[in-house]
Amino acid sequence: MNKFSSILILLVMMSINTFAQKPVEFVIETSYGDIEGFLYDDTPLHRDNFVKLVGEGWYEGSEFHRVINNFMIQGGHNKDGVVDPGYTLPAEILPTHLHKKGALAAARMGDQVNPERRSSGCQFYIVQNPNGTPHLDNQYTVFGEITTGFDVVDKIATVKTGAMDKPVEAVRMKVKIK
C-alpha cells in the first residue's frame, strides 16, 4: 500500500468516526413545557459532569432559583436546595461558544475570588435575551445550547420574582439525557 492510500484510508476512518459521534442531547421538563438541546463535545469536562449529575438525579425536582427577564434563567441546586456538590470544574472557555440566546453555560464565582474562572460543579444558566449576553463572552464556560423550547425559557423568564430574583412560585425541573 502506498503512502497516499494509507493517508486516504486514515482520513476516511477519521471522518466515519467523527460523523458517528452523536452529540449528547438533553431535555429539561418543566410545567411550562420542555426545553431540549445538546452539549458541546469540545467542553468535555462540563459535558461529562452534567451527564453525571443528571444520572445521579441531582436536578430531579430542583428549581430555577434565579430568573431575570431579558437576561437568563438559572438552576443547579438539587431538589433539597443543596447549591454545591463540593467541587468546581476547570474553565473550558472557548471563543467560538458565545452567549447567544439559548446558550447553556456554567455559573461561577466572580473573578475577585475565582481568578481561574472555575465553574460551579452544578449551577447552570440559559441565556434568554434575544440579543444574547455578549458581555459574558470569554468570561464563562458555554457548554451547550438549546434547540427547542425558546418559548418555555421566555415564559420562565417572565415569572414573578422576589428577593434575589427567585421565582415567587417554584419553577421545578426534571433533566434527562436523551
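The values are calculated or read from the model by the stated rules, or taken from the named source; none is laboratory data. Small disclaimer: the values here were computed from a predicted structure and weren't measured. Using ideal geometry, Cβ is built from the backbone for each residue, glycine included, and neighbour counts are taken over all protein chains shown. The area values use the complete protein model at the heavy-atom level, side chains included, leaving out ligands, DNA and RNA. Shrake-Rupley method; radii C 1.70, N 1.55, O 1.52, S 1.80 Å.
Carbon and sulfur atoms: what percent of the 1.4 Å accessible area of the chain do they account for?
Answer for the chain: carbon and sulfur cover 58 percent of the accessible area.
Can you list the residues of the range 75-109 with backbone N under 18 Å from a point 7 Å past the Cα of residue 118, pointing along Cα to Cβ?
Taking a point 7 Å out along Cα→Cβ of residue 118, the residues of the range 75-109 whose backbone N falls under 18 Å are 83-93, 106-109.
At what distance in nm do the modelled label points of residue 111 and residue 135 sit from each other, each positioned 7 Å from its Cα along Cα→Cβ?
Spacing of the two 7 Å Cα→Cβ label points: 1.3 nm.
May I ask for the Rg/Rh ratio of the chain, computed from Cα atoms with Rh as the Kirkwood radius, given to two decimals?
1.06
Give the cross-link partners of residue 166 among the lysines, using a straight C-alpha distance below 25 Å as the criterion and excluding same-chain residues fewer than 8 apart.
List returned: 79, 100, 101, 155, 174, 176.
Counting Lys +1, Arg +1, Asp -1, Glu -1, what net charge surrounds residue 105 among other residues with beta carbon under 11 Å of its beta carbon?
-1
How much accessible area per residue does the chain have, counting only protein heavy atoms and a probe of 1.4 Å, in square angstrom?
54
Only Cα pairs under 8 Å and at least 6 apart count here; give the relative contact order of the chain as a rounded whole percent.
About 31 percent, as a whole number.
Once you list every other residue whose beta carbon is under 13 Å from the beta carbon of residue 153, what net charge do they have if Lys and Arg are +1 and Asp and Glu are -1?
Counting the neighbours of residue 153, the net charge comes to -2.
Taking the chain as the reference, fit the longest principal axis to its C-alpha atoms, fit the long axis of helix 3-20 to the helix C-alpha atoms, and give the angle between the two in degrees, 0 to 90, nearest 10.
The answer is roughly 20 degrees.
Going by alpha carbons, how many degrees (0 to 90, nearest 10) lie between the helix axis of 44-56 and the longest principal axis of the chain?
For 44-56 against the chain, the angle is about 60 degrees.
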